[in-house]
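Heads up: the structure comes next, in structure tokens.
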Amino acid sequence: LKQKQSNYLTNIILNETVMRVEVSRVLVEDMKIEFVFKDDFYKCDVYRFSEEQLKGIDWKNSCVPLNRTDKSGECIHSFEFIAKDKEDFDFEIIKGLPKTINWEEDKDFDKKIGYLFNGLYSDYSYIWFNKSMASGGGERASSAEVVLTIILRNLLLEKCEKNPNESKLILEQFLTTQYRFLLFKRFILLCVDKFWKNYSVLFEKFLQVVPSALNESDLNVELHDVLLNHNTQFSIPLVERIKEKINNVPDYYVKKGEKDTAYWKYKWLSPLKNHPGFFLLYEESKRKADLKVNNSYTPDRETIKVLRVNHHSPLSKDKILEIPVSTIIKELNEFQEDSDRWRIREEGLPDKEGFADMLQSAVRENPKKFTDALDDFFKTDYFYLHRVLRGLRDVWNDGKDIDWENIFTFGLKYFNRDSDQILKEVQTAQGKDACQGRYIWLVDDFVDLIADGSRKDDHAFDPKYFDLASKIFDFIIPLLKGESSFAPQRDAMTYALNTTLGRVVMGYISFSLRVARSTGKKEAEWGKRKYERFFSKGIDPYILIGRYLPQFKYLDPEYTNQKIEFFEQLNEDNFQWQMFMEGYLTGSRIYNDLYRLMRGNYIKALDSKLFNDHVDNRLVEHISIGYLNL
């Protein structure tokens, strides 16, 4: 576990730059066994990001792009320190950081430093092992950490049964700072639950050592089992201590209000409801939480659930199809889901997702009702309009017709507005999902619909709408915001397929091919006039010109030849060239004319050691098949 969590970092956002603070464990030297770390001994490195690294990254608003890069800038300071606990750890880091830097410029500085210790000792065992220590691991016992956990669990349970005194000494060690990972606290709770008579005293010690136990998701199932199975044997002092912990509601729930505060108490009072000291508290919390079901709370015992989460709608599909659109809009605007997602799922309450699912299903059944009144959806939540458009796409891909004229007219009206206003609406509706405009649902919906309407000549929208579709792309392009790079382990095509910029580029290629086939004409300087404008937006168009190079050769041969020569001149460490080549090599067919034109790029790729095995294999296939064809 220490090897897996051997280091942890945080980014400190200052007024003019970004600093990275990274803490690592320190290896014991000259050990015959690798990866043995010095107890309570750490190293801290401080890095400064360069202007070049920060270029094109909106780092003042989000750390996400910074976290995606392995580059940490220039190391400006390093120091080692000893810390016995989290308090000493935080103190030593702050004491050792360069005093010439005003760290307080980051309003979350103290909180971020606090994350470092927690990050070094987070094992996430409730994910990779299971939420239930008792039943977890067997079905996924492939990794070393899972196998070792199963072995240790089984040995502990066997030893607890055969030799409780020796086992108690082991479990007491798991309560010390030598075993900080929560996995070992789960072992304690499991053994306490199975052998309460011998280890009940350990449970009281556990609550002292882990004061935040009720708020640790890793411990949820094991702690629930102890409370459920042994509460009738709790001493009066233990009952009072547990009451105190249940009343110490996390700030997250308190800030959300009385209902959510009561719901948190209800979750922990549920396993205790049959105890006379907790019964009235349980009933009160259930009443204040305004629950719609009578059963008590039970935690999920499996990390991976096969069953799909069911969403529920306040209106049925038949009802939506029956009432006028104006009434639908009113119902959508007035509907408010419960604030707690767990309650929605457990009690089967209607939620926004369920309402949107039913709306999309109604659109699929009667698209004309909604295309006739598309303008009315300006007056409702962005998310519902998103699902109306997805419903229309479903209709088209079912092989049925839709009213393209109303759709294009609405699209022009929607996107022919102030770009800042549109992006503000996106940010409000999508929140963090928008990533400062890199993911825009309604843009995805429109370009996907246009692409689907362009793909097959025997099932396509009328050529009379070509100008309208082209104008929609013109209005959309200023909204686009891509990234100049992404984490090296990510597959280029998968990345481009999942960004709004990538989907717009692919949609525009499909639309351009449809126009060329329908008119029998190639647009003069298509590449220079139309495609070139995408390059300033992000890395996606570099990936996709490679992936669709044969289609580019069809649309604009001269431009394609020029771009191939341009990429050939770039150095192999140029990220744009790498993405162009990765996109090209993932293509399914090898064309003789392009094979000859790409000779210089093939040679450079052979010399490069930057591609992963999949891309290198495709390079070998390209060269081999191209050679045989010639």
Exercise for review: Please state which one of 392, 412 is open to solvent by 30 Å² or more (accessible area, probe 1.4 Å), of a type in the set (A, V, I, L, M) and farther than 30 Å from residue 584 by Cβ.
Suggested key: 412
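This table checks each residue for (1) of a type in the set (A, V, I, L, M, F, W, C); (2) in contact (Cβ under 8 Å) with a residue 40 or more places away in the chain.
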{"residue": "122", "(1), (2)": "no, yes"}
{"residue": "135", "(1), (2)": "no, yes"}
{"residue": "144", "(1), (2)": "yes, no"}
{"residue": "154", "(1), (2)": "no, no"}
{"residue": "160", "(1), (2)": "yes, no"}
{"residue": "184", "(1), (2)": "yes, no"}
{"residue": "192", "(1), (2)": "yes, no"}
{"residue": "203", "(1), (2)": "yes, no"}
{"residue": "215", "(1), (2)": "no, no"}
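Which one of 319, 245, 259, 255 is open to solvent by 30 Å² or more (accessible area, probe 1.4 Å), touching a residue at least 24 places away in the same chain (Cβ under 8 Å), more than 26 Å from residue 202 (Cβ to Cβ) and part of a helix (DSSP H, G or I)? Before you say what the answer is, go through the steps one by one.
Values: 319 fails: touching a residue at least 24 places away in the same chain (Cβ under 8 Å); 245 fails: more than 26 Å from residue 202 (Cβ to Cβ); 255 fails: touching a residue at least 24 places away in the same chain (Cβ under 8 Å).
Checking each option against the conditions leaves just 259.
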Review point. If you take the residues of region 224-242 that are without any contact (Cβ under 8 Å) to a residue 40 or more places away in the chain and aliphatic (A, V, I, L, M), which of them is surrounded by the fewest Cβ atoms within 10 Å (Cβ to Cβ)?
Key: 236
Review point. In region 479-492, what residues are more than 14 Å from residue 535 (Cβ to Cβ), under 18 Å from the mean Cα position of the chain (by Cα) and either acidic (Asp, Glu) or not in a loop (DSSP other than H, G, I, E, B) (or both)?
Key: 491, 492
Study note, to complete from the structure: Every listed condition ((1) within 24 Å of residue 331 (Cα to Cα); (2) modelled with pLDDT of 95 or more) holds for residue 431 save (2)
Exercise for review: Just give me the residues in region 593-614 being part of a helix (DSSP H, G or I) and either of a type in the set (S, T, N, Q) or touching a Cys at 6+ places or on another chain (Cβ under 6 Å) (or both), in sequence order.
Suggested key: 601
Study note, to complete from the structure: Filtering region 564-577 for residues that are out of contact with any helix residue (DSSP H, G or I) (no Cβ under 7 Å at 6 or more places or on another chain) and either free of Cβ contacts under 8 Å to residues at least 60 places away in the same chain or not in a helix (DSSP H, G or I) (or both) leaves a count of 6
Review point. Just for region 525-541: of the residues that are in a helix (DSSP H, G or I) and touching a Gly at 6+ places or on another chain (Cβ under 8 Å), which one is surrounded by the fewest Cβ atoms within 10 Å (Cβ to Cβ)?
Key: 537
Revision key, fill the gap. Within region 109-130, the residues that are open to solvent by less than 50 Å² (accessible area, probe 1.4 Å) and farther than 14 Å from residue 21 by Cβ are 121, 122, 123, 125, 128, 129, 130
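Residues are listed down the side, and each one gets a yes or a no for (1) small (Gly, Ala, Ser); (2) under 26 Å from residue 598 (Cα atoms):
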residue: 492; (1), (2): yes, yes
residue: 499; (1), (2): no, no
residue: 502; (1), (2): yes, yes
residue: 508; (1), (2): no, yes
residue: 512; (1), (2): yes, yes
residue: 550; (1), (2): no, yes
Exercise for review: Can you confirm whether region 542-563 contains a residue that is small (Gly, Ala, Ser), within 25 Å of residue 477 (Cβ to Cβ), in contact with a Lys or Arg (Cβ under 9 Å, 6 or more places away or on another chain) and in a helix (DSSP H, G or I)?
Suggested key: no
Study note, to complete from the structure: Among (1) open to solvent by 40 Å² or more (accessible area, probe 1.4 Å); (2) touching a residue at least 60 places away in the same chain (Cβ under 8 Å), residue 294 falls short only on (2)
Exercise for review: Could you run through region 482-493 and say how many residues are at pLDDT 90 or above and open to solvent by 50 Å² or more (accessible area, probe 1.4 Å)?
Suggested key: 0
Practice item. Have a look at 476, 450, 440 and point out the one that is within 26 Å of residue 395 (Cα to Cα), over 26 Å from the mean Cα position of the chain (by Cα) and at pLDDT 90 or above. Key: 450
Revision key, fill the gap. Residue hits (region 457-466; in a loop (DSSP other than H, G, I, E, B) and modelled with pLDDT of 95 or more) are 460, 461, 462
Check your understanding: How about region 455-467: which of its residues are more than 18 Å from residue 529 (Cα to Cα) and either open to solvent by 40 Å² or more (accessible area, probe 1.4 Å) or of a type outside the set (A, V, I, L, M) (or both)?
Key -> 455, 456, 457, 458, 459, 461, 462, 463, 464, 465
Exercise for review: Assess whether residue 469 counts as being in a helix (DSSP H, G or I) and either under 35 Å from the mean Cα position of the chain (by Cα) or of a type in the set (Gly, Ala, Ser) (or both).
Suggested key: yes
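Can you tell me which residue within region 167-222, out of those that are of a type in the set (Lys, Arg) and open to solvent by 50 Å² or more (accessible area, probe 1.4 Å), is nearest to residue 133 (Cα to Cα)?
Initially, region 167-222 is screened for residues of a type in the set (Lys, Arg), giving 168, 180, 185-186, 194, 197, 205.
Keeping just the survivors that are open to solvent by 50 Å² or more (accessible area, probe 1.4 Å) gives 168, 194, 197, 205.
Working: 168: 19, 194: 12, 197: 20, 205: 20 Å.
Here the residue is 194.
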Check your understanding: If only one of 548, 584, 531, 554 is over 27 Å from residue 459 (Cβ atoms), without any contact (Cβ under 8 Å) to a residue 60 or more places away in the chain and among the aromatic types (Phe, Trp, Tyr), which one is it?
Key -> 584
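Output the residues belonging to region 494-518 that are part of a helix (DSSP H, G or I), out of contact with any Ser or Thr (no Cβ under 6 Å at 6 or more places or on another chain) and open to solvent by 20 Å² or more (accessible area, probe 1.4 Å).
494, 497, 503, 506, 513, 515, 517, 518
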Exercise for review: Considering only residues that are within 32 Å of the chain's Cα centre (by Cα) and surrounded by fewer than 19 Cβ atoms within 10 Å (Cβ to Cβ), look in region 397-409 and name the one that is nearest to residue 463 (Cα to Cα).
Suggested key: 397
Check your understanding: Does residue 590 satisfy being modelled with pLDDT under 95, crowded, with 17+ Cβ neighbours inside 10 Å and farther than 20 Å from residue 503 by Cα?
Key -> yes
Check your understanding: Restricting the search to region 415-430, which residues are within 16 Å of residue 445 (Cα to Cα), open to solvent by less than 50 Å² (accessible area, probe 1.4 Å) and not aliphatic (A, V, I, L, M)?
Key -> 415, 430
Check your understanding: Do the conditions hold for residue 97, that is, is it more than 24 Å from residue 190 (Cβ to Cβ) and hydrophobic (A, V, I, L, M, F, W, C)?
Key -> yes
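The values are calculated or read from the model by the stated rules, or taken from the named source; none is laboratory data. Quantities reported herein were computed from a predicted structural model and do not represent experimental measurements. With ideal geometry, Cβ positions are generated from the backbone for all residues, glycine too; neighbour counts draw on all protein chains shown. For accessibility, only protein heavy atoms count, side chains too; no ligands or nucleic acids. Shrake-Rupley method; radii C 1.70, N 1.55, O 1.52, S 1.80 Å.
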